[in-house]
Amino acid sequence: MPYALRHSVTGELLSCSQTNGYELKYYGILLWEDAPGAEERLAALLRAERYRPQEENGGRRERHAAEWEQVQELTRWQPVLLSEREAKLANAKLRNDAGLRVFLREGALQAEPVPEDAE
C-alpha cells in the first residue's frame with residue numbers, strides 16, 4: 001500500500017505534475033512505497049510548489065526564522081497510508097487537471113477546484 005502526504009488541517013493530498021514510466025506527463029498525487037522522511041517531504045512540497053520560503057531583508061532571511069518556517073510546514077504535511085484503491089481513485093478524481101485538488105476527509109475522497117487566490 002502506498003503512502004501519500006496529507007495536509008493535517010485541510011485534508012489535501014499532495015499532488016503535482018509528474019512523468020510516468022512511459023515518459024508521459026500527468027497530474028496526480030505523489031506516492032511513496034515507504035513513509036517519506038522530512039527531507040523527502042520538503043523536496044515534494046517544493047516540487048509541488050506548496051511551500052515557497054518567504055524572503056525578508058532584501059532577499060535574505062534570518063536562518064532561525066527560515067528553519068522554523070520549514071518545520072511548521074512539514075508538520076502540516078504528514079504521511080498517510082492509502083489503499084491501492086484510494087490512490088487510484090484520488091488520481092481519477094484529479095482527472096489529470098492541475099486546476100483540481102483532492103482531499104481525504106473522514107475517509108472520503110473529493111476533488112475541488114483550486115481557489116483563485118492560491119495560484
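The values are calculated or read from the model by the stated rules, or taken from the named source; none is laboratory data. None of the values given here were measured: they were computed from a predicted structure. No Cβ is skipped: glycine too gets one built from the backbone with ideal geometry, and neighbour counts run over all protein chains shown.
Ala98 - would you say it is at pLDDT below 95 and over 23 Å from Glu33 (Cβ atoms)? Spelling it out, it is not the case that Ala98 is at pLDDT below 95 and over 23 Å from Glu33 (Cβ atoms).
Quick check: anything in the stretch 40-59 aromatic (Phe, Trp, Tyr), at pLDDT 90 or above, buried (at least 17 other Cβ atoms within 10 Å of the Cβ) and farther than 16 Å from Leu109 by Cα? Scanning the stretch 40-59, I find no residue that is aromatic (Phe, Trp, Tyr), at pLDDT 90 or above, buried (at least 17 other Cβ atoms within 10 Å of the Cβ) and farther than 16 Å from Leu109 by Cα, so the answer is no. Within the stretch 96-118, being assigned to a loop (DSSP other than H, G, I, E, B) and farther than 15 Å from Cys16 by Cβ holds for Glu106, Gly107, Pro115. Flag set for Glu23, criterion: more than 19 Å from Val71 (Cα to Cα) and not hydrophobic (A, V, I, L, M, F, W, C).
Among the residues of the stretch 60-119, those identified as without any contact (Cβ under 8 Å) to a residue 40 or more places away in the chain and among the basic types (Lys, Arg) are Arg60, Arg61, Arg63, Arg85, Lys88, Lys93, Arg95.
Within the stretch 10-20, is even one residue closer than 20 Å to Asp117 by Cβ, touching a Cys at 6+ places or on another chain (Cβ under 6 Å) and surrounded by 15 or more Cβ atoms within 10 Å (Cβ to Cβ)? Taking every residue of the stretch 10-20 in turn, none turns out to be closer than 20 Å to Asp117 by Cβ, touching a Cys at 6+ places or on another chain (Cβ under 6 Å) and surrounded by 15 or more Cβ atoms within 10 Å (Cβ to Cβ). Taken residue by residue, the stretch 61-70 has no member that is at pLDDT below 95, of a type in the set (S, T, N, Q) and surrounded by fewer than 11 Cβ atoms within 10 Å (Cβ to Cβ).
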